[in-house]
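Following: one structure in structure tokens, then a few remarks.
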Amino acid sequence: MELDDKKYIDSLTDREVVDAILKRDARITRLYLYEKCYPLFKARYDKYYTDCESCIEFINEIYAYIMTPGVKTGKCYLSTFGFSCSLTCWLKIVAENYCHQLFKKRIDIIDAPEDASGRKTQEPISPNIDSLNRRDVEIVLSLMPNKRYSSLIHLRYVEEKSNEETADILGMSMDNYYNKHKLAKEQFAKILRKEGLI
């Protein structure tokens with residue numbers, strides 16, 4: 001990055017950068033995401049699984065991820081940034097969560113059962129407990145409206161009990177457990193999305 005460009009991008013506030021990226025300002029987007037934040041993205045690219053052939057391709061994916069409008073809200077992920085932390089900190093979390101989601105989807109597809117034709121049938125993704133710290137997990141669990149679902153997620157993913165052990169502790173038949181397990185994962189994921197953790 002040239003010195004003038006570095007001074008310019010460093011002089012902008014996070015709010016100015018976000019507004020410019022949302023308005024698709026090519027210069028600020030390039031200077032901020034592709035140059036200033038390149039080391040941040042490169043560290044994530046080197047550390048985590050992605051299908052990308054280069055760090056630039058990875059940044060392109062993150063850019064698309066934060067700029068694509070959601071189906072339900074019509075708002076892009078970047079527009080929900082609340083400025084409670086720095087933009088670089090937020091982008092680091094977004095990039096890490098994105099990588100965890102890619103890895104988890106790949107594992108879920110590999111581990112998914114096969115249908116009658118031999119194709120993998122993908123089930124709902126398990127709660128991504130590993131990408132959250134213990135405090136965040138406890139907060140998300142406390143925000144779940146159904147406390148039985150919260151207990152199920154805690155036992156299965158925090159305490160790492162087997163499905164059978166969790167069902168036994170909760171006094172459920174296995175058929176009932178698998179039905180509630182699916183609903184509990186959906187509720188957990190809904191809270192994660194609401195809190196901006198995925």
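Just a few scattered comments:
- The condition (being modelled with pLDDT under 95 and more than 22 Å from LEU102 (Cα to Cα)) is satisfied by just one residue among ASP46, ASP5, ASP19, ASP51: ASP5.
- In region 139-173, the residues that are modelled with pLDDT under 85 and loosely packed, with under 12 Cβ neighbours inside 10 Å: GLU159, GLU160
- Subset of region 8-17 (residues that are part of a loop (DSSP other than H, G, I, E, B) and of a type in the set (Lys, Arg)): none
- Matching residues in region 18-54 - criterion: being of a type in the set (A, V, I, L, M, F, W, C), outside any loop (DSSP other than H, G, I, E, B) and in contact (Cβ under 8 Å) with a residue 24 or more places away in the chain: VAL18, ILE21, LEU22, LEU31, LEU33, LEU40, PHE41
- Test result for PHE41, touching a Lys or Arg at 6+ places or on another chain (Cβ under 8 Å) and under 17 Å from CYS99 (Cα atoms): no
- The requirement of being under 19 Å from ARG193 (Cβ atoms), at pLDDT 90 or above and not in a strand (DSSP E or B) is satisfied by SER79.
The values are calculated or read from the model by the stated rules, or taken from the named source; none is laboratory data. Since we're looking at a predicted model, the values are computed, not measured. Cβ sites come from the backbone with ideal geometry, for glycine too, and all protein chains shown count toward neighbours.
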